[in-house]
Amino acid sequence: MHISIKLCYLVKKSRLAGFFLFALLAGCQPKPVPEPGSLELTRAQQSLQAGLPIKAAEQLAIAIRQGHPEAVTLWLELTLPQLGPLQQYQQLQAWSKAPLSSAQAVRLGLWHDAAVMPPTLAASSAPAGCKLTVQPVLSTETSVAHWQRLQQDWPQSDFAPLPVCFLAPIFVDSRELRCTEQAQQRIACETSRLSDIMQHSTAQILLVAAGRGQASFNNGWLQLPEQFSPALFRHEFSHALGFIDEYQLPALTAAAECVRTDILANLLLDTADVGRYARHWQLDVQDLQLTPVETCRAAGIQAWRPVQADSHMQHFELAVPVLYQQVMQQQLSQAASLMPVQYYFAYLARQQQDMQRWQLLMERAAAFGYPAAVAALEAVGASLTAR
C-alpha cells in the first residue's frame, strides 16, 4: 500500500513538472509581429463603422505610409468622390513607393503598370448606316463603367435613330492624358497622344472620357468627365451637331455666337428668319413655336428657340424635342459640313511649326469632305505650284 501511494505521488509530480516546463517554453516563443500599418487599418475600419470618413482617411494615410497594402484599396474607394485618379496616384506616390496591385493600377488608369490587358469593348453601328463616327478614348475603370452605361442606354434614347457610329474605345494611360481634375473648371487634357490617335482614325469626332470637372465640346473634340451620364453625353454631342446652349452664355462666348448670320440648329437671332430656318431644315413654319431664351443676354441680343418646352440644351437632363431630332437628321445628311477634330489638330500642328503633321491631319480632314480642309490643301498646292 505504501509503495502504490508513493508511485502515484511521483506520477503526479512528473506531470506537474511537465506542465511548468511547457509553460516556460511557451513563454520563450517570440510573439507574432503584427503587419506594419495593421493597427491604423483597424482603427480606420472602426472609424468608418462610426460614420467618421474623414478620420478614417487620415488613419488609412498613416497605414499606407507604414506599408499596409490593403489600406491602399480602402483609401482609393473612400476618396474617389473627392479626388480624381491622377490626384490619388500623386498622393500615393508621395506616401509610398511600393508598387500598386494590378487591380489598383486598373482603377487609376495606369495601364503601363497594370499586369492585365484593357477590357475588350466593341464598336457599335447605326441601323441606318454611319454618317458620323465617334472615336472614344477611355482611361480609368470608372470611365469604362460609364461608357458601358451609355451603350446600354443608347438603343432606348432619343438619339437611337441617328446615323451615328462608335468605334471600339482606345485606352490611354491617365498619366499620359494628364486631364485636369478641378471641379469648377473645364477639363483640359494633353493633346499629343490624342492627335496621334486621330491622325489614323476613321472617325470625325473624338470623345475623351477622363478627368474631373466641366464637360465641353470644342472643334470636334467632345470632353466628358470620367463619371459622365448618358444625358450629359447627349447634351454635349448635340454641340457637335451645331446646337447651342439655351441658357445664358458668358459674355465672350455670346459676343462670338450671337452675331452669326448662318442658320443655326436650335436658335433664331431674328424673328424674320422663321421662313429661312424652316426651309433650310425642311420643316413646316406652323410647327415652329418661337420662345425667348437667355442665350445671348450678355451680348444684348434676344434669341429664340423654335420649340416651346424647355429642352436638353437648357438642362441636359431634359428630353430632346422631336423637332430637334428632325434637325439632327437633316444635319447628318450633310455631315461633311461638320468640323472633324483632325482639322483642329492640324491647326495646333501648324502653331508648332510641324508642317508634316499638319498635312497628314489636314488630308484626313479633307477625306471627310470638310470644305475648309479641302480649301487649305488646295491653297498649299497652289502655293507650291507658284514657286
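Read the figures in this text as sums done on the coordinates, not as results from a lab. Remember, it's a predicted structure, so these values are computed and weren't measured experimentally. Neighbour counts run over all protein chains shown; Cβ positions are idealised from the backbone, glycine included.
Which FRET efficiency, nearest 0.05, do residue 178 and residue 314 yield, Cβ-Cβ r, R0 30 Å?
Efficiency for this residue pair is about 0.40.
Per residue, how much space in cubic angstrom lies within the convex hull of the C-alpha atoms of the chain?
Once divided by residue count, the hull of the chain is 234 Å³.
Using DSSP to call loops (not H, G, I, E or B), can you name the chymotrypsin sites (Phe, Trp or Tyr not before Pro) in the range 227-274 whose Cβ has at most 13 other Cβ atoms within 10 angstrom?
Answer in residue order: 247.
Would you list 253, 261 from fewest to most Cβ contacts within 10 Å?
The most exposed by this proxy come first: 261, 253.
What is the sum of charges around residue 293, taking Lys and Arg as +1, Asp and Glu as -1, for the other residues whose C-beta is under 13 Å from the C-beta of residue 293?
-3
Quick check: residue separation of residue 273 and residue 117 times 0.36 nm, minus the Cα distance between them. What number comes out in nm?
Here the answer is 50.7 nm.
Using the charge dipole of the range 178-283 (Lys, Arg: +1 at Cβ; Asp, Glu: -1 at Cβ; taken about the Cα centre), state which of 230, 255, 243 has its Cα farthest towards the positive end.
230
How do 144, 285, 341, 380 line up, fewest other C-beta atoms within 10 Å first?
285, 380, 144, 341
Could you list which residues have their amide H under 5 Å from that of residue 186, counting only those 5 or more apart in sequence or on another chain, with H placed in the peptide plane?
214
Can you give the calculated 222 nm mean residue ellipticity of the chain, where each DSSP H run of n ≥ 4 adds -39,500 (n - 2.57) and the sum is split over every residue, rounded to the nearest 500 deg cm²/dmol?
-14500 deg cm²/dmol
Please compute the net charge surrounding residue 180, taking Lys and Arg as +1 and Asp and Glu as -1 over other residues with Cβ under 11 Å from its Cβ.
+1
Going by C-beta contacts inside 10 Å, put 131, 97 in order with the fewest on the left.
97, 131
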